[in-house]
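Trainee: First the structure, then my questions, so here it is.
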């Protein structure tokens, strides 16, 4: 490369590199590369591969050199023209394709960064760079020149003067762009007023406006915390902020675009676009938020008040409709959140993704028993108003029962029952107690007993118990029939033996009338003499989620539904009597650990 020294000294903005999403969403950015030198700006993260593979291995790619602008904080002012890249300069990192091999200090392409690219072609070349879109992130230097690109729309981008008109701070800025050819005193070239050149997406300009702080990179900004829109297998919602950066009202539109296919076979496959929803207004009657589905063609829109006024900075809350995602646990859905303005100036693309979650793990919650069956007899009466009796037969002398009311009736107050459920993806188990803590290898585990935990870390471990279920020495779980899933039902009979001194409520071990022993305290009484066997048929019917925002996006982390028990008491001669209770339940996932460790 010819190192053309241009009389320029500068200090600079620090271009922030966007956080790389944990799960890829893919988009191709097309960059117009002129013969000779071109300055470009990346809005995608292509660091999944290196420049050797991206450029060097393609014989049809005419790019010979790529220089990354990596400014350092300095007080040196811009004097005349931008500085040319020089090998060894701390402000530039480079990649070069030479006859002797691939050399340089630059290996991968980072987003939110400006690059100077040299092409050996004699005509324009479209360089297609596939990567993960990132949120624009800038830090403007008030004391030096800035090499920066703007997130303009791809089709029919605005002219530079039109685009910069809302930013009064840039009205007198000195602007340079690259016209192609060798670097010289005319390349980069001063863009003379009026600035009629189009602001191509991906084109970088040198902009100098001394002692001016600029936060305008389009009529609106989108801010999001880290990778909040990467919802993973369980996250519910994410909050974004839309901020007007102009003195006029701005309407911002949002659509959901599909991701492109992964650019390499070793990258995670994408099965579809995530079903992203937008939280709407709160219904004061139901206290539920309305919900709207994002689509690729029908935008959601918000009008922002002029900068600095109430309503110029608003929150947008997005979530994933978990009920609309199908596939095996871990299946990846990915897409692009595309924000544009009604003036057709700016396009901000943010990555979004979600994975199909499993319902495995430890679930803890409560049932609220609010109904109990009656046991009300109606008796026949004689003509004189007395209660009628049988006069002969085996029931002679007994009152005549004409009906028995066993319907459920409301209790004066609900009664709570703690529920502990573990799901390993196949088996759904009900537990009397469970331990949650670290083992000797410092792995967090869910265990049936304390002996599986590290004795040195018991201070941070937790035991969760449900005292209404019978205790057993080895804490053997009760296996449910059914699935822990939307619309599913779980059933299981839990039996308390009539002679279970630890758990049967009819037994008082140290009371002579209720210890299940005869008068000699040596012989165990038969069933029903002093205590009953208790069989509890538990049914939990899981309710499908409501169609409000919170129900849709939190589904898979919380389950609720109808709870019922049929309680059968078995007495002398194995005679039985049945009672029913009913209510509701709620379960919350405490841990996604799907392995239940059996304590030694």
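Quick note: the coordinates plus some simple rules give every number you see, no bench work behind them. All values reported here derive from a predicted model rather than from experimental measurement. Using ideal geometry, Cβ is built from the backbone for each residue, glycine included, and neighbour counts are taken over all protein chains shown.
Trainee: Just the projected area, averaged over all directions, of the convex hull on the alpha carbon atoms of region 27-208: how many nm²?
Mentor: Values: hull surface 42.3 nm².
That works out to 10.6 nm².
Trainee: If you take the square roots of the eigenvalues of the alpha-carbon gyration tensor of region 342-425 and sort them as a ≥ b ≥ c, do you get rounded (a/c under 1.5), prolate (a/b over b/c) or oblate?
Mentor: Cα axes put region 342-425 in the prolate bin.
Trainee: Calculate, for residue 190 and residue 261, the FRET efficiency according to 1/(1 + (r/R0)^6) with r their C-beta to C-beta distance and R0 35 Å; round to the nearest 0.05. Show your work: numbers first, answer last.
Mentor: On the way: r = 42 Å, r/R0 = 1.21.
FRET efficiency, residue 190 to residue 261: 0.25.
Trainee: Under 8 Å for C-alpha pairs, at least 6 residues apart: give me the relative contact order for region 493-600, rounded to a whole percent.
Mentor: Once normalised by length, the contact order is 22 percent.
Trainee: Something else now. Can you give the relative contact order of region 361-597 as a percent, counting alpha carbon pairs under 8 Å and 6+ residues apart? Write down the numbers at each step before the final one.
Mentor: On the way: 535 pairs, mean separation 54.6, N = 237.
In percent, rounded to a whole number, it is 23.
Trainee: Gap in Å between the Cα centre of region 178-193 and the Cα centre of region 476-497?
Mentor: Each part reduced to its Cα centre gives a spacing of 75 Å.
Trainee: To continue, here is another question. What number, in nm² with one decimal, is the all-direction average of the projected area of the convex hull of the alpha-carbon atoms of region 361-597?
Mentor: Orientation-averaged projected area of the Cα hull: 19.8 nm².
Trainee: With the contact rule set at Cα under 8 Å and sequence spacing of 6 or more, what percent relative contact order holds for the chain?
Mentor: It comes to 12 percent, rounded to a whole number.
Trainee: Next question. Placing one identical point scatterer on every Cα of the chain and ignoring solvent, what is log10 I(q)/I(0) from the Debye formula at q = 0.08 Å⁻¹?
Mentor: For the chain, the Cα-only Debye profile gives -0.74.
Trainee: In addition: What's the extension gain from residue 379 to residue 456 if we count 0.36 nm per residue and subtract their Cα-Cα distance?
Mentor: 21.1 nm
Trainee: What is the P(r) of region 425-528, as percent of Cα-Cα pairs per 10 Å bin from 0?
Mentor: In order of increasing distance, the bins hold 13, 29, 28, 20, 9, 1 percent.
Trainee: Say R0 is 51 Å: what FRET efficiency, to the nearest 0.05, do residue 388 and residue 424 get from their beta-carbon distance?
Mentor: 0.30
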